[in-house]
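Accompanying notes for the structure given below.
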Amino acid sequence: MTFLIANWFLILAALVSGGLLLWPLVTGGGLSGGLKPTDAVLLINREKAVVVDVCSSDEFATGHVVGARNIPLADLEAKLPGAVKNKALPVILVCASGMRSGRAVAIAKKLGYEKAQSLEGGMKAWRAASLPVEKA
């Protein structure tokens, strides 16, 4: 008990920082901050967004967003400028689960694509929303 009284400020700081770390999970923000599948469809239809799938060629062949271009994550920095010449267009980056596309957003923004966004949940979320899938 003496420890708690003597170090109340440290305990309070630990509780506050823990609460701030958990806040995005509680509010539903999560860590991805990606684009929901239905919002992606609106962006594709209204603003002519370009969909880039960063999966491997094998994963891409099993199913992808209709009209998506395949640029594996390892090749993204070299091939994205050739595939999407207009940097003002929104770019939606997709992978199987949303993890690789999150990294791909950082690469795209570094290249000057300020409207680059990741599809939250990747192709799993796309299929769960019953949106059309194309196979190569």
Legend entry - Phi to ³J(HN,Hα) by Karplus 6.51 cos²θ - 1.76 cosθ + 1.60 over region 119-136, Hz, x for Gly, Pro: 7, 4, x, x, 5, 4, 5, 4, 5, 5, 7, 6, 8, x, 10, 10, 10, 6
Inset, instruction - Tell me which residues come under 5 Å, amide H to amide H, from Ala116 once H is placed; ignore anything under 5 positions away on its chain. - result: Val91
Inset, instruction - Could you work out the longest stretch of the chain that avoids the trypsin sites (Lys or Arg not before Pro) located in DSSP loops with at most 10 other Cβ atoms within 10 Å? - result: 86-134
Legend entry - Amide proton proximity set for Lys36, modelled H, under 5 Å, gap of 5+: Glu120
Inset, instruction - Given the options Ala40, Ala108, Ala88, state which has the largest fluctuation in a GNM of the chain using a 10 Å cut-off (strictly under) for Cα springs. - result: Ala88
Inset, instruction - Could you calculate the contour length gain from Lys115 to Leu12, that is, 0.36 nm times the residue separation minus the distance between their Cα atoms, to one decimal place in nm? - result: 33.1 nm
Inset, instruction - Return one quarter of the surface area of the convex hull spanned by the alpha-carbon atoms of region 41-111, equal to its mean projected area, in nm². - result: 4.5
Inset, instruction - Pull up all non-local amide H partners of Gly63: gap of 5 or more, or a different chain, and H-to-H distance under 5 Å with H placed in the peptide plane. - result: Ala136
Legend entry - When the convex hull of its Cα atoms is projected in every direction, mean area for region 75-136 (nm²): 4.5
Inset, instruction - Using only Cα atoms, tell me the angle between helix 8-26 and the longest principal axis of the chain; keep it within 0 to 90° and round to the nearest 10. - result: 20
Legend entry - Gained length - Thr2 relative to Ala136, 0.36 nm times residue gap less alpha-carbon distance: 41.4 nm
Inset, instruction - Consider the candidate values (i) 32, 20, 15; (ii) 38, 17, 14; (iii) 33, 16, 10; state which one is semi-axes √(5λ) of the Cα gyration tensor in Å computed from the structure displayed. - result: (ii)
Inset, instruction - Only loop residues by DSSP count here, and only those with at most 11 other Cβ atoms within 10 Å; note down the GluC sites (Glu not before Pro) in region 38-124 that meet that. - result: Glu114
Inset, instruction - Subtracting the Cα-Cα distance from 0.36 nm times the residue separation, let me have the gained length for Arg103 to Leu20 in nm, one decimal. - result: 27.5 nm
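Every read-out reported here was derived from the displayed coordinates using simple, explicitly stated rules and does not represent laboratory data. Remember, predicted model here, so these are calculated numbers, not experimental data. Cβ coordinates were reconstructed from backbone atoms using ideal geometry, including for glycine residues, and neighbour counts include every protein chain displayed.
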